Amino acid sequence: MNDPNCIFCKIARGLIPAKKIYDDDDVMAFHDIRPQAPVHFLIVPKAHIASLYDAQPPHQAALGKMLLIAGGLAREAGATDGFRTIVNNGRVGHQEVYHVHMHVLGGPDPLGPMLSRRN
Ligand code: AMP
Ligand code: ZN
């Protein structure tokens, strides 16, 4: 359920501080410590799921809720004219923290291409 060495488990359990914007039994949202856009926060399941490779049927409600609440939280954070969600997974996805998290990124200006272009 929880990994004692996982930084997002520690945030979810209130053991280390974060700029929290949403919290319930299933999920939590907090501002990214190194924002890449004017609006940049993370939505995480309370349960430790290392990556989407590890998602199991019991995680369905929390994973669904992450999408469900993204729009309202984005709007409240000031992203009223669009936003982007990203879930990085594994080495190829450049995942840094191995506890599933959905980035929510927003303007006001358009965010640019989804991936850096190779040519
Ligand atoms: P990634 O695993 O590459 O999808 O991204 C991990 C994200 O977690 C990065 O954007 C980090 O800035 C962010 N991050 C790491 N530690 C913290 C923390 N203690 N509080 C908030 N955000 C964090
Ligand atoms: Zn964790």
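Output the number of residues of region 91-111 satisfying the condition of being more than 15 Å from the chain's Cα centre (by Cα) and either open to solvent by less than 40 Å² (accessible area, probe 1.4 Å) or among the aliphatic types (A, V, I, L, M) (or both).
Qualifying residue count for the region: 3.
Only one of (1) assigned to a loop (DSSP other than H, G, I, E, B); (2) surrounded by 18 or more Cβ atoms within 10 Å (Cβ to Cβ); (3) in contact (Cβ under 8 Å) with a residue 60 or more places away in the chain fails for GLN36. Which number is that?
(2)
With respect to ILE16, determine if the residue is touching a helix residue (DSSP H, G or I) at 6+ places or on another chain (Cβ under 6 Å) and loosely packed, with under 14 Cβ neighbours inside 10 Å.
Here the answer is yes, as ILE16 does meet what is asked.
Could you tell me whether region 56-70 includes any residue that is of a type in the set (S, T, N, Q), in a loop (DSSP other than H, G, I, E, B) and closer than 26 Å to LEU115 by Cβ?
No, that holds for no residue.
Consider ILE49 carefully, then state whether it is within 16 Å of ligand 2 (Cβ to nearest atom) and outside any strand (DSSP E or B).
Yes.
The values are calculated or read from the model by the stated rules, or taken from the named source; none is laboratory data. Small disclaimer: the values here were computed from a predicted structure and weren't measured. Heads up, the Cβs are rebuilt from the backbone with ideal geometry, glycines too, and the neighbour counts pull from every protein chain shown. Keep in mind that these areas ignore ligands, DNA and RNA; they rest on the heavy atoms of the full protein, side chains included. Shrake-Rupley method; radii C 1.70, N 1.55, O 1.52, S 1.80 Å.
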